[in-house]
């Protein structure tokens, strides 16, 4: 990314986008926004009735209703065979061509204290928040990296086709350990690590395309990790039912975004060419303080911001730990029997 670049790095007009978890919340907001930008949109979720309602809402926002197409697929994305099936169905619906953009957005949080959480919940949290995206990435990348027919081959040394994008939705919980998110945060942290690793590996195939006119992928593939914070959605209402009071204390000053606000921030980050994309100020700060080996969106801003945040964490970290410690001092704490 350049300091003053205005190029749109995430063109969607006329392209086909798949969004899992697309029947409500952030997924529905993303689908509507991309429809407004001219994309053909496929939303995936388990509940067909919710999908039908969401599709009507999304299609009504189409930029060019006469030409854009919309579709739903009911699938359980925690199963590898379901991810393979949905990708095959989308490809058939898309005139035999794989989708241009795939967004692994499905996920949900079950916040609770570690020792209070049954192990089957721990496993299910990993299934929906990590494995679902991993299964979809595996099926998608195998389809995208498969060499096209000879007539679809690119010219040696040229980028040719617009890049394809695979996007995962993680969470700011991947940046810092917060009491009460033990079932959820490790899965989202693993998802960020997966995105970092895939981004590195895809350089292998993108580089290969530059020197091979046949037997190479049809387009470059770009990986992105979007990292939102609190989103006002039906999912948030469900989280509140299991969230421990100390977690609520730690989050009490955190701002929340609507599904449309988080979608707009995420897509703007993609259009600017971002890789690890946060959607509000608190997320920007947490990202800057926890970049590690992740690529920088803007080397100067991210470096300076990380210096500032590293100093701020000298105060923020002890304050957050103190809140948890003092809550334990002043309140009854449930111990395992």
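The values are calculated or read from the model by the stated rules, or taken from the named source; none is laboratory data. From a predicted model like this one, the values you see are computed outputs, not experimental measurements. Reconstructed Cβ throughout: ideal geometry from the backbone, glycine too, with neighbour counts over all protein chains shown.
Given 198, 202, which one is assigned to a helix (DSSP H, G or I), under 20 Å from residue 77 (Cα atoms) and in contact with a strand residue (DSSP E or B) (Cβ under 7 Å, 6 or more places away or on another chain)? Steps first, please.
Working: 202 fails: under 20 Å from residue 77 (Cα atoms).
When all the criteria are applied, what remains is 198.
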- Item | Residue in the range 84-97 that is in a loop (DSSP other than H, G, I, E, B), over 17 Å from residue 259 (Cα atoms) and in contact (Cβ under 8 Å) with a residue 40 or more places away in the chain present | yes
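Conditions (1) closer than 18 Å to residue 255 by Cβ; (2) touching a strand residue (DSSP E or B) at 6+ places or on another chain (Cβ under 9 Å); (3) modelled with pLDDT under 80; (4) in a helix (DSSP H, G or I), marked per residue:
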{"residue": "293", "(1), (2), (3), (4)": "no, no, yes, no"}
{"residue": "300", "(1), (2), (3), (4)": "no, no, no, yes"}
{"residue": "313", "(1), (2), (3), (4)": "no, no, yes, yes"}
{"residue": "317", "(1), (2), (3), (4)": "no, no, yes, yes"}
{"residue": "322", "(1), (2), (3), (4)": "no, no, yes, yes"}
{"residue": "329", "(1), (2), (3), (4)": "no, no, yes, yes"}
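Specify the residue that is surrounded by the most Cβ atoms within 10 Å (Cβ to Cβ); the eligible residues are those in the range 95-106 that are touching a strand residue (DSSP E or B) at 6+ places or on another chain (Cβ under 6 Å) and farther than 17 Å from residue 221 by Cβ.
Let us first name the residues in the range 95-106 that are touching a strand residue (DSSP E or B) at 6+ places or on another chain (Cβ under 6 Å), namely 99-106.
Filter once more, keeping what is farther than 17 Å from residue 221 by Cβ: 105-106.
Details: 105: 30, 106: 24.
Looking at residues that are touching a strand residue (DSSP E or B) at 6+ places or on another chain (Cβ under 6 Å) and farther than 17 Å from residue 221 by Cβ, I get 105.
Conditions (1) outside any loop (DSSP other than H, G, I, E, B); (2) surrounded by 19 or more Cβ atoms within 10 Å (Cβ to Cβ), marked per residue:
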position	(1), (2)
237	yes, no
261	yes, no
270	yes, yes
274	no, yes
- residue 58 vs. criteria assigned to a helix (DSSP H, G or I), touching a helix residue (DSSP H, G or I) at 6+ places or on another chain (Cβ under 9 Å), crowded, with 22+ Cβ neighbours inside 10 Å and modelled with pLDDT of 95 or more: yes
- Residue satisfying all of: in the range 10-47; free of Cβ contacts under 8 Å to residues at least 60 places away in the same chain and part of a helix (DSSP H, G or I); surrounded by the fewest Cβ atoms within 10 Å (Cβ to Cβ) among these: 36
- Query: Does any residue in the range 227-238 that is farther than 19 Å from residue 175 by Cβ come within less than 8 Å, Cβ to Cβ, of a residue that is part of a loop (DSSP other than H, G, I, E, B) six or more places away or on a different chain, and which pairs are these?
  - Reply: 232/258; 233/24; 234/24; 235/24; 235/108; 235/109; 238/108
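Out of all the residues in the range 160-172, which are closer than 19 Å to residue 279 by Cβ and either in contact (Cβ under 8 Å) with a residue 60 or more places away in the chain or surrounded by fewer than 24 Cβ atoms within 10 Å (Cβ to Cβ) (or both)?
165, 166, 167, 168, 169, 171, 172
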- Item | Residue that is touching a helix residue (DSSP H, G or I) at 6+ places or on another chain (Cβ under 6 Å) and touching a residue at least 24 places away in the same chain (Cβ under 8 Å), where the choices are 278, 242, 258 | 278
- Task: Check 14, 96 and return the single one that is more than 20 Å from residue 267 (Cβ to Cβ) and over 20 Å from the mean Cα position of the chain (by Cα).
- Result: 96
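Does residue 119 meet the test of being more than 24 Å from residue 45 (Cβ to Cβ), surrounded by fewer than 23 Cβ atoms within 10 Å (Cβ to Cβ) and modelled with pLDDT of 95 or more?
On the way: more than 24 Å from residue 45 (Cβ to Cβ): yes; surrounded by fewer than 23 Cβ atoms within 10 Å (Cβ to Cβ): yes; modelled with pLDDT of 95 or more: yes.
The answer is yes for residue 119.
Considering only residues that are more than 22 Å from residue 31 (Cβ to Cβ) and either outside any loop (DSSP other than H, G, I, E, B) or in contact (Cβ under 8 Å) with a residue 24 or more places away in the chain (or both), which ones fall in the range 281-291?
Restricting attention to the range 281-291, the residues satisfying the condition of being more than 22 Å from residue 31 (Cβ to Cβ) are 281-282, 284-291.
Correct list: 281, 282, 284, 285, 286, 287, 288, 289, 290.
Would you say residue 176 is modelled with pLDDT under 95, under 30 Å from residue 326 (Cα atoms) and not in a helix (DSSP H, G or I)? It would help to see each step written out before you state the result.
On the way: modelled with pLDDT under 95: yes; under 30 Å from residue 326 (Cα atoms): yes; not in a helix (DSSP H, G or I): yes.
It is true that residue 176 is modelled with pLDDT under 95, under 30 Å from residue 326 (Cα atoms) and not in a helix (DSSP H, G or I).
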- Item | Residue selected from the range 239-254 under the condition outside any helix (DSSP H, G or I) and at pLDDT 90 or above, by the criterion farthest from the chain's Cα centre (by Cα) | 244
